[in-house]
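Notes for the one structure printed next.
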2 protein chains.
Amino acid sequence: MKNILTTAVVFLSLNLFGQTKEDSIQFSRISTEILNKGKSYNELKDLTKNIGHRLSGSEAYEKSVKWAEQKLKEAGADKVWLQEVMIPVWERGKESLKIKAGNGKWKSLKMLSLGNSEGTQGKDIFGEIIMVKSLAEYDKLSPEQVKNKIVFFNYPFSQSYIQTFKAYSDAAVYRSTAASLTAKKGGKFAIVRSLSSAYDDVPHTGAMRYGDSEKIPAVAIGNTTADELESLLKSQKITAKLNSNCGMKAEKLSHSVIGEITGNKDKSVIVVGGHLDSWDVGEGAHDDGAGIVQSIEVLRTFKNLGIKNNHTIRVVCFANEENGLKGGLQYGKTVNENSEKHLFALESDAGGFSPRGIALEMDDAKISQIKSWSPLFIPYGAYDFEGRYSGADISPLKAMGVPTAELVPDSQRYFDIHHTDEDTFEKVNRRELLLGATIMTQMIYMIDKNW
Amino acid sequence: MKNILTTAVVFLSLNLFGQTKEDSIQFSRISTEILNKGKSYNELKDLTKNIGHRLSGSEAYEKSVKWAEQKLKEAGADKVWLQEVMIPVWERGKESLKIKAGNGKWKSLKMLSLGNSEGTQGKDIFGEIIMVKSLAEYDKLSPEQVKNKIVFFNYPFSQSYIQTFKAYSDAAVYRSTAASLTAKKGGKFAIVRSLSSAYDDVPHTGAMRYGDSEKIPAVAIGNTTADELESLLKSQKITAKLNSNCGMKAEKLSHSVIGEITGNKDKSVIVVGGHLDSWDVGEGAHDDGAGIVQSIEVLRTFKNLGIKNNHTIRVVCFANEENGLKGGLQYGKTVNENSEKHLFALESDAGGFSPRGIALEMDDAKISQIKSWSPLFIPYGAYDFEGRYSGADISPLKAMGVPTAELVPDSQRYFDIHHTDEDTFEKVNRRELLLGATIMTQMIYMIDKNW
């Protein structure tokens, strides 16, 4: 309530100062430029169809580094460079999960090993499946009950939240800890119900971690497959057999890609970015090809419209967000070492869907100032500035006190396709993607002008 | 600005009266019920896949009448009936459009005759194409310049508007009047660039009208086809050949489908609806299968949650919106004849996309009251109550002074698929559709409680 009143009053003040009209005209120029001449949609097609998915350490990722370097140059960056990053390398290889009831026949289940999981080194691992619906239920099981078993963590992705990221956060602990929890009670491997809002059989991969546990495998199955397994387990004992070849390899030297337009008043930096890597399935279109091409669109739009930027506007295409965050960590470390002043950092890593706002992590005064601009954004569909989070890649900057933010696209479709074979270019709508780039450019324009 | 302040102040008042909390709990119950147990997505699958497109007068439309009657009964309506409507019948038949340059070869273009257009009765019609970019340009042509020609109205669907319905309104006159304008200057037939936001070759049909002109044919071509034709015309004369069998047939008796739950306090009526008919291409999924299943979801949710409705809540599945509006007209006429008091009418006919608000056509006091409820809606993604329009089917009610409204879904994707082969079930997202039904139910709940 208070917030709405504050917004209203500050907007009146802006009107009095006559800034709103000038900004409103600039917002319209930005929108018209991007919706009519934006290149991000075609660039995303190029990235997804000619390079495809691009997990850290893969040949495709290295191609995407050269691709991003080229696109930043074409967009008009004054300076483009690669930042060295040591990245973890995880490879999937062949994998299969089969089940059978009693002495019946083996039946293959559609599955994906979770990212960073160790596999079975090409050997079959067998065991009886036991199912739990929650961590609380798992906690009640004794090591004797789990020993040599396969634990099926059957926790549903809640449909009740309006913002699907809340359902994702709610269920994420199952993906990240299923293997280590299972290992600690002597289980052989873990199966998790995918973090998926779709009622289909598509498995969703994503990062897991071991901590200090034995490194046993963890795999994900899709929602309808999980439903079937749950139903089978009600009436009979089910044996599972896993054979997989995934695992961590030696670290490699790779790169984040950075391009900037130098500030006309000073060299303090405004970052806009996304992550260049993706999981090793689908095409990494929404996650996060969208964020990459939108960030490049911001820079291109400043150049094409001849907007004189006061501060340096820097596009960062971060390496290795998905399974290590090494690009973000290295970027933060370098900023710190060079004592480079950063004013603001904005990430787009929630999909290329129709934008609804920008989430803000910064002090209250800055939040109030940005919210006072909301009447300028509302005609473009961005009304929600209430989120208090920001992108993972810029979390090291946030820890250093830099105000950080993230584009908030409509979230209804994201977890249907997140980390799956379905995250393809065809699932991205041109106008939605371009409108997201529009909101990002408008916000960077306001920050550059006012901070 | 004023509006935001008004909203804020009224919300504070609501808080003081303690109504907000009760309503907020009811909103959450509605949302949880629909997002978890809603049947509209599965019902839409049934309608689109088992019946498919359903133009007025077709056998499929008659099947959809029986289908809607059955679904309203299953949803728990106290009373379900069919309302007789005399509907126009237009049929497409086989059709082809070919072009050639000079003495070259004929090349087929992907096309659709516009709805209600007369065809060529299976004969070839030839002529040279002349292109105009606007009505202003066409107005400058003399009858001698147009005589025996084919006029290509090449007016672009603007990408600049944020709300794509504005681009649609802007360009709609070309679809509706191209044939009559061409006829009046002696042209043989008209070709229009589709009202399409997509850069593809998909033609979009939709209603045209003749007025007092000769009834010559009008056809639509997709954007990339229009681009190619435009390019060809720059350097050479192009001849076109049309052969089509479409045309109006004799009127038929058909029906709108109506179901209601009787008011507990009085029998005044709150209408919620969409149109049951569709164009004769695709599956009529977004247009307007979505509105039909969402409206039925509203009724079902009142029943399932045991919400006692003060007034009668009536679902109307209107006949013949697309090429005659006869269902809406007949409904209005019947209401008038029966002197049936109507409190409010809400239509969903802008696609089953993620909702952003509700457009309102009523007096200022009622608009202010509804806007005062917006803090309740914002957590569900509905923040936009600024639209001053409502659905076509309920325009006769509006003319009688009934407050009318329309669901405002995100519009970015709608005109990619509107009136095309691409308007299929697969283009509808489950959560987006259900969230639209949620906002509709919440609004009907507030109106029923407060009016």
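Distances from B:N148 to itself in the other copies, using label points 7 Å out along the Cα-Cβ axis, amount to 9.4 nm in increasing order.
Filter A:K188/B:K37; A:K73/A:K366; A:K427/B:K49; A:K98/B:K71 down to the pairs with a C-alpha to C-alpha distance above 29 Å, please.
Table pairs above 29 Å Cα-Cα are A:K188/B:K37; A:K73/A:K366; A:K98/B:K71.
For chain B, what is the accessible area per residue in Å², given a 1.4 Å probe and the full set of protein chains? Write down the numbers at each step before the final one.
Details: 16750 Å² over 451 residues.
With all protein chains present, chain B gives 37 Å² per residue.
Using a probe radius of 1.4 angstrom, the carbon and sulfur fraction of the accessible surface of chain A is 50%.
Calculation over all alpha carbon pairs of the range B:212-341 in 10 angstrom steps from 0 returns a P(r) of 10, 27, 25, 17, 12, 7, 2, 0 percent. The residue list B:G186, B:S213, B:V173 was ranked by how far each Cα lies along the charge dipole of the range B:93-245 toward its positive end, using unit charges on Cβ atoms, and B:G186 comes out on top.
The rotation axis that maps chain A onto chain B passes nearest to the beta carbon of this chain A residue, listed with its distance in whole angstrom: A:Y383, 2. Residue ranking by accessible heavy-atom surface, 1.4 Å probe, largest first, among B:L97, B:L82, A:L329 comes out as A:L329, B:L82, B:L97.
Pair-distance distribution P(r) for chain B, from all Cα-Cα distances in 20 Å bins starting at 0: 25, 51, 21, 2, 0 percent.
Beta-bridge orientation, the range A:299-451: approximately 60 percent antiparallel, per DSSP, counting only bridges with both partners inside. Between the beta carbons of B:N336 and A:K79, assuming R0 = 60 Å, the FRET efficiency works out to 0.25 to the nearest 0.05.
Note that the range B:155-274, at 4 °C in a medium of 1.567 mPa s, gets a Stokes-Einstein diffusion coefficient of 73 µm²/s from its Kirkwood radius over C-alpha pairs. The A-B contact accounts for approximately 3200 Å² of buried accessible area, totalled over both chains at a 1.4 Å probe radius. Across identical copies of the chain, B:K73 has label-point separations of 7.1 nm, listed in ascending order, with the point defined 7 angstrom from Cα along Cα→Cβ. Taken as Cα centroids, the range B:392-427 and the range B:284-330 sit 12 Å apart, rounded to the nearest whole angstrom. Starting from the Kirkwood Rh over alpha-carbon pairs, what translational D in µm² s⁻¹ does the protein assembly as shown have by Stokes-Einstein at 37 °C and 0.692 mPa s? This corresponds to a translational diffusion coefficient of 111 µm²/s.
When the alpha carbon gyration tensor of the range B:93-245 is reduced to an equivalent ellipsoid, the three semi-axes, largest first, read 21, 18, 16 Å.
Length gained on full extension, A:D200 to A:N42: 53.9 nm, using 0.36 nm per residue less the C-alpha separation. Relative to the other identical copies, A:G211 shows label-point distances of 7.5 nm, where the label point lies 7 Å from Cα along the Cβ direction and values run shortest first. Sorting A:I130, B:I444 by solvent-accessible area of protein heavy atoms yields A:I130, B:I444, largest first, with a 1.4 Å probe.
In plain terms, the C-alpha convex hull of the range A:373-451 casts an average shadow of 6.5 nm² when viewed from every direction.
For A:F126, the accessible area of its heavy atoms, probed at 1.4 Å with every protein chain present, is near 90 square angstrom.
Across the protein chains, with a 1.4 Å probe defining accessible surface, the residues B:H419, B:H53 rank B:H53, B:H419 from largest area downward. Projecting label points 7 angstrom from Cα along Cα→Cβ for A:A365 and A:E91 puts them 5.4 nm apart.
Determine the gain in length on full extension of the stretch B:K133-B:K184; use 0.36 nm per residue of separation and subtract their C-alpha separation, reporting nm with one decimal.
16.5 nm
Span-like helix check, chain A: qualifying full DSSP H segments, with Cα axial length of 15 Å or more and mean Kyte-Doolittle of -0.5 or more, are A:2-17, A:164-184, A:290-305, A:430-450.
Among beta bridges from DSSP that stay inside the range A:93-245, the antiparallel ones total about 55%. In angstrom, the C-alpha Rg and Dmax of the range A:285-393 are 14.9, 41.
The values are calculated or read from the model by the stated rules, or taken from the named source; none is laboratory data. A quick note: this is a predicted structure, and the numbers were derived from the prediction, not measured. Every residue, glycine among them, receives a Cβ derived from its backbone with ideal geometry; neighbour counts consider all protein chains shown. In case anyone asks, the SASA skips ligands and DNA or RNA and just uses the protein heavy atoms, side chains included. Shrake-Rupley method; radii C 1.70, N 1.55, O 1.52, S 1.80 Å.
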